[in-house]
């Protein structure tokens, strides 16, 4: 049974969110949250996320226009908002993202676009209602990054507060329909002059929409919802992959299509 986790506010929540916003603005990984501000459980980690999203929209005009979401376990969750300033289009030219040792860390995913609002309400949403609210689906890359210089030292709740390694999202071309998103597909990466890298891709939740269904109920329970135009990514088909910056990349998603992108630092 998938655990039901709800945001749980605590005394250091606002200060933790502001600390992490400053780290985002600095653009450089730094120290962990101070000990007195660290969330003690996943519910508190989610509360920091939601406060971060509220502050970024109200004080920095940077609303959450996407979410990442996978099914949680009892001790780990991988759900977080993704902000307008970090969502880029693959066909808009070179994509500026963090480069470490000449590489950018990506996760190949499918992004489901919401075509009608799914607002908070007393009763749960059925999967059929969520399906009916999905518009198109697109090839996508989650770009990974962390505000902590030593993330291995951080707890699961601290990582959740920091948005579970999300730095941004690259949106690519449409796929035939949301129903075309498979459970398995090969991911093939081609870079200038390099041999192709091939991965036998499998969706981590064995269902591309499982994380979306969970997210809708998580937000509903928190008195929130999804809005038309937002995108939701639901898990990587190949874990994380380090790809070269400064080269033209073509990332094949099985028979669905190809996402072409060039990363610059």
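Here the range 165-195 is the region considered, the condition is being under 17 Å from residue 237 (Cα atoms) and part of a loop (DSSP other than H, G, I, E, B), and the residue that is nearest to the chain's Cα centre (by Cα) is 165. Of the residues making up the range 55-81, those that are within 22 Å of residue 114 (Cα to Cα), in a helix (DSSP H, G or I) and free of Cβ contacts under 8 Å to residues at least 12 places away in the same chain number 1. Screening residue 4 against (1) farther than 18 Å from residue 79 by Cα; (2) assigned to a loop (DSSP other than H, G, I, E, B) leaves a single unmet condition, (1). Scan the range 85-102 for residues that are surrounded by 14 or more Cβ atoms within 10 Å (Cβ to Cβ) and without any contact (Cβ under 8 Å) to a residue 24 or more places away in the chain and the total you get is 1. Being free of Cβ contacts under 8 Å to residues at least 60 places away in the same chain, buried (at least 18 other Cβ atoms within 10 Å of the Cβ) and either in a strand (DSSP E or B) or in contact with a strand residue (DSSP E or B) (Cβ under 9 Å, 6 or more places away or on another chain) (or both) is the requirement here; does residue 200 meet it? Here the answer is no, as residue 200 does not meet what is asked.
Here residue 35 passes the criteria (1) more than 16 Å from residue 219 (Cβ to Cβ); (2) in contact with a helix residue (DSSP H, G or I) (Cβ under 7 Å, 6 or more places away or on another chain) except the one numbered (2).
Looking at residue 51, is it closer than 19 Å to residue 15 by Cα and more than 13 Å from the chain's Cα centre (by Cα)? Spelling it out, residue 51 is indeed closer than 19 Å to residue 15 by Cα and more than 13 Å from the chain's Cα centre (by Cα). Just one of the listed residues (112, 46) is surrounded by 21 or more Cβ atoms within 10 Å (Cβ to Cβ), in a strand (DSSP E or B) and within 18 Å of the chain's Cα centre (by Cα), namely 112. For the criterion of being under 18 Å from the mean Cα position of the chain (by Cα), over 30 Å from residue 45 (Cβ atoms) and in contact (Cβ under 8 Å) with a residue 12 or more places away in the chain, residue 219 fails. Exactly one residue out of 76, 105, 121, 61 is modelled with pLDDT of 95 or more and surrounded by 12 or more Cβ atoms within 10 Å (Cβ to Cβ), and it is 105. In the range 10-27, the count of residues that are in contact with a helix residue (DSSP H, G or I) (Cβ under 9 Å, 6 or more places away or on another chain), at pLDDT below 95 and assigned to a loop (DSSP other than H, G, I, E, B) is zero.
Per the conditions (1) in contact with a strand residue (DSSP E or B) (Cβ under 7 Å, 6 or more places away or on another chain); (2) surrounded by 17 or more Cβ atoms within 10 Å (Cβ to Cβ), the sole criterion not satisfied by residue 158 is (1). Could you go through the range 234-249 and let me know if any residue there is surrounded by 21 or more Cβ atoms within 10 Å (Cβ to Cβ), over 28 Å from residue 152 (Cα atoms) and in contact with a strand residue (DSSP E or B) (Cβ under 9 Å, 6 or more places away or on another chain). Looking through the range 234-249, at least one residue is surrounded by 21 or more Cβ atoms within 10 Å (Cβ to Cβ), over 28 Å from residue 152 (Cα atoms) and in contact with a strand residue (DSSP E or B) (Cβ under 9 Å, 6 or more places away or on another chain).
The values are calculated or read from the model by the stated rules, or taken from the named source; none is laboratory data. Remember, predicted model here, so these are calculated numbers, not experimental data. In this analysis, Cβ positions are derived from the backbone assuming ideal geometry, glycine residues included, and neighbour counts consider all displayed protein chains.
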